[in-house]
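J.: Below you'll find the structure I mean.
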Amino acid sequence: MPVTEPRGVRNRNPGNIDYNPANQWQGQLKPDPAIEKRFARFNTPENGIRAMGKLLLTYQRKHGLRTVQAIIGRWAPDVENDTAAYVHAVEVGSGTRPGAEIDLTRPAVMRGIVKAIIHHENGGYAYPDAVLAEGVRRALL
């Protein structure tokens with residue numbers, strides 16, 4: 001039986017961002033319900049990571065979300081996820097103390113949070129460091 005990549009990896013959208021026509025993400029592909037009904041698709045994983053980073057920055061800047069718990073509570077609400085387990089996984093994966101305020105404008109912090117979200121969203125999948133670093137770099141431009 002062939003092993004298929006997780007949906008977020010196949011769509012080059014490792015944060016599993018919902019498609020929204022109002023979001024004109026860099027590198028976003030036209031929706032195609034035959035391929036994917038709900039989530040955005042991107043031309044490269046770097047652009048998918050960029051979109052994830054930009055969205056996380058919006059959570060921090062516009063909505064004032066400064067802890068992993070607050071950010072993941074919005075990213076992955078309880079109606080669809082075990083949010084408490086997700087928060088714990090991201091805190092552990094990023095080395096963030098529970099309840100600690102984080103600054104996503106710092107590249108190392110952004111990289112740690114994004115890498116942990118990708119790991120959680122995609123069943124342990126990890127991109128090569130260069131792909132992750134480039135996506136984060138684009139998000140922080």
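Every read-out reported here was derived from the displayed coordinates using simple, explicitly stated rules and does not represent laboratory data. Computed from a prediction, not measured in an experiment: that's the story for all the values here. Note that each Cβ is placed from the backbone with ideal geometry, even for glycine, and that neighbours are counted across all protein chains shown.
J.: Beta carbons within 10 angstrom, averaged per residue: use that to sort the peptides 99-112, 127-140, 22-35, 40-53, highest first.
T.: Packing order, densest peptide first, comes out as 40-53, 127-140, 99-112, 22-35.
J.: Each residue of segment 111-125 in order: what ³J(HN,Hα) in whole Hz does its phi give by Karplus 6.51 cos²θ - 1.76 cosθ + 1.60, θ = phi - 60°, with x for Gly and Pro?
T.: Whole-Hz 3J(HN,Hα) from phi for segment 111-125: 4, x, 5, 4, 4, 5, 5, 4, 4, 6, 5, 10, x, x, 5.
J.: List Glu5, Glu36 from most exposed to least, where exposure is judged by having the fewest other Cβ atoms within 10 Å.
T.: Glu5, Glu36
J.: Once amide H atoms are placed 1.01 Å from N in the peptide plane, what residues at a sequence separation of 5 or more from Phe39, or on another chain, have their amide H within under 5 Å of its amide H?
T.: It is Tyr19, by chain and number.
J.: Which of Lys37, Lys54 has the fewest other C-beta atoms within 10 Å, and how do the rest follow up to the most?
T.: By the 10 Å Cβ count, ascending: Lys37, Lys54.
J.: Which of these values of Cα extents along the principal axes in Å was calculated from the structure shown: (i) 42, 36, 31; (ii) 65, 45, 25; (iii) 76, 31, 17?
T.: (i)
J.: Give me Thr96, Thr83, Thr58 ranked fewest to most by other Cβ atoms within 10 Å of their Cβ, as a rough exposure proxy.
T.: Fewest to most other Cβ atoms nearby, the residues stand as Thr58, Thr83, Thr96.
J.: Using the basic label-point model (7 angstrom from Cα toward the beta carbon), what is the Val79 to Arg137 distance in nanometres?
T.: The two pseudo-label positions are separated by 3.9 nm.
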